[in-house]
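Student: Would you mind keeping the following structure in view while I ask a few things?
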Amino acid sequence: MLVNHSAADKDTLLIIDSSPNSVRILNAILGEEYRVIFSTTGTTASVLIKTEQPKLVLLDVDLPDMDGFSLCQAFKNDVATKDIPIILISEKQEDESREMGLRIGCADYINKPVSPAEVKLRIYNQLRIRRNEDLIMQRALYDSLTGLANRNLTLDRLRYAITHDLRRGLLTGLMLVDIDNFKLINDTLSHDVGDQVLVELSKRILQVVREVDTVGRVSGDEFLIVLPGLHQTENACQIASKLRKAINKPISVSSGGEVHITASIGVSLSPLDTEDFKRLFANADVAKDQAKCGGKDSYRMFTSEMNDNVHRRVRIEYNLVRALSLDEFSLVYQPFIDLKTNEVVGAEALLRWNNSELGSVPPDEFIPIAEQTNLIYEIGKFVLKTAVYDFLRLRNFQGRLLNVAINISPQQIRKSGFVEDVKATIDEAGFDANRLELEVTEGVLLSQQMYVKDVIEELHSMGAVLSMDDFGSGYSSLSYLLRFPFDALKIDREFVDGITDVEINETLATAVISMARGLKMRTIAEGVETQEQLEMLTSKGCDLAQGYYLGRPISIDAFREFLGLSSHETEPQDNDGVMAQK
């Protein structure tokens with residue numbers, strides 16, 4: 001065996017030929033362009049092809065220890081060498097030899113005596129084909145930005161890892177890493193900065209995981225990590241914990257400054273969760289969503305309970321689409337009590353859903369889904385129309401027309417024509433706008449989009465009463481009171497709960513009431529459940545209150561009875577059946 005060491009940085013060619021003269025000729029032709037190694041026997045060549053991994057093989061058909069066709073067939077049957085192109089060289093001119101070589105997988109065929117120009121051209125063509133194939137394979141299997149495996153290759157390796165680990169009695173872990181709020185980076189700092197962040201994160205992930213693990217980028221801001229050969233669940237937890245710490249370190253970007261990143265990580269294990277690679281991926285996705293819902297910047301291990309929640313969500317989404325057409329929604333009303341006069345002055349409309357398959361579905365379960373699936377707008381129109389007609393001529397015991405409050409979501413405000421729809425509904429019913437109270441949560445205002453301010457100001461100009469719901473549950477609520485035309489504040493039930501027992505609750509409630517009075521706003525306390533809470537709020541100067549102690553949410557017919565009316569009356573009867581006066 002002879003090696004031309006002067007071309008160590010060039011593509012390696014392996015010449016297998018028993019004739020020293022042929023070797024010298026080929027080396028003279030190719031030695032300046034390529035690193036040439038050679039063997040005069042098939043046995044030695046079988047070792048060289050694996051240790052040197054040449055880019056191409058020139059193989060003589062006639063070898064002293066074996067047939068060249070057989071050696072070529074052996075190379076093509078070996079996983080380690082099957083992709084190396086082989087050009088056969090022979091003194092035989094028969095078409096049968098050429099056909100046999102091509103049939104067993106040879107790339108080309110050259111006749112002796114060789115022509116220098118022909119040899120160079122055929123080798124050049126084969127290497128060019130190989131490079132193009134490698135480039136196509138690279139683009140097909142790897143992410144162009146990070147160089148990591150793409151979704152298809154990562155899942156293929158996951159499938160192999162599961163099969164291999166099951167035979168050995170080991171666990172296969174799968175980790176889905178989703179960068180929190182990554183869209184904000186692209187939108188505010190540019191996509192170029194976003195790409196820099198992704199490249200840096202890919203490097204950090206590779207530094208944390210083991211050499212046997214596969215890291216893939218499966219979408220814009222999601223990485224998938226295959227963890228083969230785990231002995232226990234704790235192994236995956238340790239990697240997830242290290243990964244979280246690595247991701248949390250600041251990232252310096254070319255534009256100057258640093259970017260701080262967190263991630264939500266979902267982990268699933270085979271065979272504990274499933275032996276199916278697609279299901280394992282879905283389970284990791286479910287666990288990742290749970291990490292996001294739990295506040296982000298954390299990891300969650302998949303559990304069967306998570307799967308149950310996903311199945312229930314799917315059933316809720318499916319049935320929610322048909323709920324309006326099947327007339328499954330209804331409203332109940334919880335009264336507002338004036339703490340100075342003890343009068344019922346209005347009520348909050350609360351949505352209820354009773355489904356034939358799911359039964360009674362809690363609002364805090366189906367309303368977020370309705371918001372995420374854009375069904376909330378049509379549902380909101382149903383709530384507004386029903387509440388307006390239920391309260392059209394409804395009066396309290398003292399004969400005063402009652403107000404009705406409904407909640408509006410961010411999706412409703414974002415919908416073009418929302419104000420027009422509200423105005424059309426109340427105009428059609430003949431309902432006074434100043435009897436309609438629209439409760440807005442801080443989430444509606446967080447986007448700070450100009451259209452949000454415009455919509456709220458239009459609603460206020462129309463005459464509707466605007467109330468900030470759950471005041472105090474957000475960190476920036478105070479600034480919104482100065483920017484938006486609110487008429488009332490609803491004191492969050494967390495302040496009310498414990499107002500008689502926890503000093504800080506009493507202090508905060510007092511501060512909110514005093515501030516609202518200074519801004520000429522009414523205050524409405526939510527969640528009043530005891531006489532002591534009611535007395536404390538009254539002494540502080542709170543205007544209105546609602547809660548189980550004062551009245552539970554009830555149907556419109558029950559609400560009329562609560563007011564002392566028959567089921568079809570809108571004027572109060574002369575009796576003492578008003579709970580608010582107790």
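The values are calculated or read from the model by the stated rules, or taken from the named source; none is laboratory data. Just so it is clear, the model here is predicted, and its values are computed rather than measured. No Cβ is skipped: glycine too gets one built from the backbone with ideal geometry, and neighbour counts run over all protein chains shown.
Student: Take residue 317 and decide whether it is out of contact with any strand residue (DSSP E or B) (no Cβ under 9 Å at 6 or more places or on another chain) and exposed (fewer than 12 other Cβ atoms within 10 Å of the Cβ).
Tutor: Spelling it out, it is not the case that residue 317 is out of contact with any strand residue (DSSP E or B) (no Cβ under 9 Å at 6 or more places or on another chain) and exposed (fewer than 12 other Cβ atoms within 10 Å of the Cβ).
Student: Return yes when residue 322 is surrounded by fewer than 16 Cβ atoms within 10 Å (Cβ to Cβ) and not in a strand (DSSP E or B) and no when it is not.
Tutor: So residue 322 fits the description; yes.
Student: Can you tell me which residues in region 467-499 are modelled with pLDDT of 90 or more and surrounded by fewer than 20 Cβ atoms within 10 Å (Cβ to Cβ)?
Tutor: Within region 467-499, 487 is the sole residue that qualifies.
Student: Has region 515-526 got at least one residue that is within 43 Å of the chain's Cα centre (by Cα), at pLDDT 90 or above and small (Gly, Ala, Ser)?
Tutor: Yes, because at least one residue in region 515-526 is within 43 Å of the chain's Cα centre (by Cα), at pLDDT 90 or above and small (Gly, Ala, Ser).
Student: Hey, another quick one. Do the conditions hold for residue 50, that is, is it under 58 Å from the mean Cα position of the chain (by Cα), within 18 Å of residue 108 (Cβ to Cβ) and surrounded by fewer than 16 Cβ atoms within 10 Å (Cβ to Cβ)?
Tutor: No; evaluated as a whole, the condition is false for this residue.
Student: On to the next question. Limited to region 525-539, what total is found for residues that are crowded, with 20+ Cβ neighbours inside 10 Å and not small (Gly, Ala, Ser)?
Tutor: 6
Student: Find the helices (runs of 4 or more DSSP H) located wholly in region 1-86 whose residues include 3 or more that are closer than 20 Å to residue 118 by Cα and out of contact with any strand residue (DSSP E or B) (no Cβ under 7 Å at 6 or more places or on another chain), and list them.
Tutor: 20-30
Student: Further, regarding this structure: Against the conditions (1) within 22 Å of residue 129 (Cβ to Cβ); (2) more than 58 Å from the chain's Cα centre (by Cα); (3) buried (at least 20 other Cβ atoms within 10 Å of the Cβ), where does residue 63 fall short? Just the number, please.
Tutor: The failed condition is (1).
Student: Shifting gears a bit: In region 175-207, what residues are part of a helix (DSSP H, G or I) and more than 27 Å from residue 158 (Cα to Cα)?
Tutor: Passing the criteria: 183, 184, 185, 186, 187, 188, 189, 191, 192, 193, 194, 196.
Student: Now, a different point. Are any residues in region 501-530 touching a residue at least 12 places away in the same chain (Cβ under 8 Å) and assigned to a loop (DSSP other than H, G, I, E, B), and if so, which ones?
Tutor: 519, 521, 526, 527, 528, 529, 530, listed by residue number.
Student: Being modelled with pLDDT under 95, of a type in the set (S, T, N, Q) and not assigned by TED's automatic domain parsing to the domain that holds residue 298 narrows it down to one of 163, 146, so name that one.
Tutor: Only one candidate passes the filter, namely 146.
Student: Which condition number in (1) surrounded by 15 or more Cβ atoms within 10 Å (Cβ to Cβ); (2) over 50 Å from the mean Cα position of the chain (by Cα); (3) acidic (Asp, Glu) is the one that residue 11 fails?
Tutor: (2)
Student: Take region 27-51 and flag every residue that is among the aliphatic types (A, V, I, L, M) and either outside the structural domain of residue 127 (by TED's automatic domain parsing) or in contact (Cβ under 8 Å) with a residue 60 or more places away in the chain (or both).
Tutor: 29, 30
Student: For region 14-26, what are the residues that are buried (at least 21 other Cβ atoms within 10 Å of the Cβ) and either without any contact (Cβ under 8 Å) to a residue 60 or more places away in the chain or farther than 28 Å from residue 96 by Cα (or both)?
Tutor: Answer for region 14-26, where residues must be buried (at least 21 other Cβ atoms within 10 Å of the Cβ) and either without any contact (Cβ under 8 Å) to a residue 60 or more places away in the chain or farther than 28 Å from residue 96 by Cα (or both): 14, 15, 16.
Student: Let me ask something else. In the list 436, 394, which residue meets the criterion of being under 27 Å from residue 320 (Cβ atoms) and in contact (Cβ under 8 Å) with a residue 40 or more places away in the chain?
Tutor: Just a single option satisfies the conditions, and that option is 436.
Student: Test residue 114 against the stated conditions and say whether it is assigned to a loop (DSSP other than H, G, I, E, B) and modelled with pLDDT under 90.
Tutor: yes
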